[in-house]
1. At a 10 Å Cβ-Cβ cut-off, how would you order Leu72, Leu63, fewest neighbours first?
2. What is the sum of charges, Lys and Arg at +1 and Asp and Glu at -1, for the other residues whose Cβ falls under 13 Å from the Cβ of Ala78?
3. Mind giving me the nanometre distance, one decimal, between the label points for His77 and Gln59, set 7 Å out from Cα along Cα→Cβ?
4. Could you calculate the FRET efficiency of Leu50 with Asp13 from 1/(1 + (r/R0)^6), where r is the beta carbon distance between them and R0 is 22 Å, rounded to 0.05?
5. Based on alpha-carbon atoms only, what is the radius of gyration of segment 6-90 relative to the globular estimate 2.2 N^0.38 Å?
6. Counting other Cβ atoms within 10 Å of each Cβ, which trypsin sites (Lys or Arg not before Pro) in segment 23-79 have at most 13 and sit in a DSSP loop?
7. Tell me, in nm to one decimal, what length is gained between Tyr23 and Val35 on full extension, where the rule is 0.36 nm per residue of separation less the Cα-Cα distance?
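Any read-out appearing in this document is the output of simple, stated calculations on the displayed coordinates, not a laboratory observation. From a predicted model like this one, the values you see are computed outputs, not experimental measurements. Don't worry about glycine lacking a Cβ; one is built from the backbone with ideal geometry, like all the others, and counts go over all protein chains shown.
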Amino acid sequence: MVQEQIVQKQIEDKITAALSPSYLAVVNESHMHAVPANSETHFKLVIVSLEFEGKRAVQRHQLVYRQLAEELAGEVHALALHTFTPEEWDASDNALESPICLGGGKSS
């Protein structure tokens, strides 16, 4: 049986409602970190939205953080944010790989 991803669904719903993205990917990367199985603690978000027009990266991230304040105060430990306007997204190569976590104190 597949574990229901409650936090991931909350993130998807909140970002969709707030930013009306033309593209949204919410990737649970918890399995790449030293956390229990089926955790929802580490996420990568790729968001393409007109709401980012005219905003610097920090402003875009702050906008996302405001929408996900409840999740960030709770179970979510880390967000990797990739925020684009539709024009930026069209010009990008869309290759957004996350690095492998070395578990804090691990060096290899």
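1. With the sparsest Cβ surroundings first, the list reads Leu72, Leu63.
2. -3
3. Between His77 and Gln59, the simple spin-label model gives 3.3 nm.
4. Numbers: r = 19 Å, r/R0 = 0.86.
Plugging the Cβ-Cβ distance into 1/(1 + (r/R0)^6) gives 0.70.
5. Ratio of Cα Rg to 2.2 N^0.38 Å: 1.07.
6. Answer in residue order: Arg56.
7. Gain on stretching Tyr23 to Val35: 1.5 nm.
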